[in-house]
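Quick notes on the structure that follows.
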2 protein chains.
Amino acid sequence: MPLRSCYLFEGLSGSQIERIIAVARERNFEKGQWLFNEEQEAAHLYLVKAGAVELVIKVEDTIEIPIAIIRPDNGCLGVSALIEPHRYTLSARCLDDSTLLAISKTRLEDLMSADSDMRCIIMTNLATKLLNRLKETRQEVKIHFMNLVRSVTF
Amino acid sequence: MPLRSCYLFEGLSGSQIERIIAVARERNFEKGQWLFNEEQEAAHLYLVKAGAVELVIKVEDTIEIPIAIIRPDNGCLGVSALIEPHRYTLSARCLDDSTLLAISKTRLEDLMSADSDMRCIIMTNLATKLLNRLKETRQEVKIHFMNLVRSVTF
């Protein structure tokens with residue numbers, strides 16, 4: 001069950017998970033198809049049931065910086081659906097033919113409004129993940145900076 | 001009142017703010033003094049009442065990458081105190097003689113355990129801020145990457 005593999009839902013009860021499953025819709029996408037683009041309205045959170053989705057930053061029309069690949073066992077994509085102003089911060093494209101679970105922002109918001117414990121757990125999980133990602137991104141900047149310093153110094 | 005100026009506490013009621021103020025302790029630091037270092041246990045969240053604190057990544061003993069300057073009107077530092085594994089992800093040093101409000105991780109955790117609405121609001125505010133910071137950091141990487149591409153191409 002992909003919901004259990006997503007860090008956002010760790011610590012939720014069985015009945016809370018069931019309520020989220022009830023609003024999730026299975027959707028099929030083809031290899032190469034874009035799920036969403038940066039700045040587009042974040043209407044859905046996605047979990048990968050089969051296949052793989054690549055998250056990228058589009059630098060120019062022909063250049064992309066790869067950020068992450070999401071597979072069935074490692075998380076979800078489109079967390080901007082949970083956070084105002086609800087606009088995707090990256091672009092996402094299927095690396096293979098993929099089956100995703102799409103959870104509507106509005107439906108999930110309704111569930112969290114009715115269950116503040118669910119909102120608390122999801123938001124704490126999200127903040128934890130984002131702080132880790134920020135730390136990783138800074139480490140990459142640090143390594144890049146050190147390499148730059150070394151290339152200038154030696 | 002510095003608590004009102006911190007994004008973490010936006011949306012809290014007057015009585016929730018009062019409970020947090022009651023556990024905050026005023027502490028004075030001298031210009032140049034380190035508040036904390038990366039990887040150290042995050043025992044306190046800090047708000048700046050007077051002065052200024054600089055957040056940096058230490059690259060080597062003599063090299064630092066500046067990340068942000070926190071002043072009385074623009075936020076707080078040490079949010080790792082709110083997130084497991086409770087280790088600071090940056091280092092912080094006073095730019096001037098500064099008066100800070102130190103909020104103990106343990107005391108704040110006690111308040112949030114007793115008031116899940118408070119936890120929900122704080123965690124949602126934190127996740128929102130972290131997603132924005134991550135987006136900003138990625139934009140900087142993107143600009144850096146474009147400059148690099150241009151310097152190679154032209």
Failed criterion for B:D73 (all others in (1) closer than 18 Å to B:I17 by Cα; (2) in contact with a Cys (Cβ under 7 Å, 6 or more places away or on another chain) hold): (2)
Could you give me the residue pairs with C-beta distances under 7 Å whose first residue belongs to the stretch B:124-145 and is more than 8 Å from chain A (Cβ to nearest Cβ), whose second residue is acidic (D, E) and assigned to a helix (DSSP H, G or I) wherever it lies, and which are 6+ apart or on separate chains? none
What's the number of the only condition in (1) at the interface with chain B (Cβ under 10 Å from one of its Cβ atoms); (2) more than 25 Å from A:E26 (Cβ to Cβ) that A:V79 fails to meet? (2)
Please work out if B:V152 is out of contact with any Leu (no Cβ under 8 Å at 6 or more places or on another chain), facing chain A (nearest Cβ under 7 Å) and modelled with pLDDT under 95. no
Going through (1) within 27 Å of A:N132 (Cβ to Cβ); (2) at pLDDT 95 or above; (3) surrounded by fewer than 17 Cβ atoms within 10 Å (Cβ to Cβ) one by one, B:D96 fails only at (1)
Going through the stretch B:44-75 one residue at a time, which ones are under 21 Å from A:N125 (Cα atoms) and more than 14 Å from chain A (Cβ to nearest Cβ)? B:H44
Out of the residues in the stretch A:106-115 that are surrounded by 15 or more Cβ atoms within 10 Å (Cβ to Cβ) and not charged (D, E, K, R), state the one that is farthest from A:L8 (Cα to Cα). A:L111
In the stretch A:96-150, anything outside any helix (DSSP H, G or I) and over 15 Å from the mean Cα position of the chain (by Cα) is listed as A:D96, A:D97, A:S98, A:T99, A:D115
Scan the stretch A:58-87 residue by residue and report those that are touching a Phe, Trp or Tyr at 6+ places or on another chain (Cβ under 8 Å) and in a loop (DSSP other than H, G, I, E, B). A:G75, A:G78
So B:I69, is it under 11 Å from the mean Cα position of the chain (by Cα) and β-branched (V, I, T): yes
Residue pairs qualifying under the 7 Å Cβ cut-off, at least six apart or on distinct chains, with the first in the stretch A:12-32 being farther than 23 Å from A:A52 by Cβ and the second being aliphatic (A, V, I, L, M), are A:L12/A:M118; A:L12/A:I121; A:Q16/A:M118; A:I17/A:L3; A:R19/A:L111; A:V23/A:I103; A:V23/A:L108; A:V23/A:L111
What single numbered condition from (1) surrounded by fewer than 17 Cβ atoms within 10 Å (Cβ to Cβ); (2) within 30 Å of B:E30 (Cβ to Cβ) fails to hold for B:I103? (1)
I'd like the residue in the stretch B:1-57 that is part of a strand (DSSP E or B) and of a type in the set (K, R) and, out of all such residues, is surrounded by the most Cβ atoms within 10 Å (Cβ to Cβ). B:K49
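The values are calculated or read from the model by the stated rules, or taken from the named source; none is laboratory data. Computed from a predicted structure; not experimentally measured. No Cβ is skipped: glycine too gets one built from the backbone with ideal geometry, and neighbour counts run over all protein chains shown.
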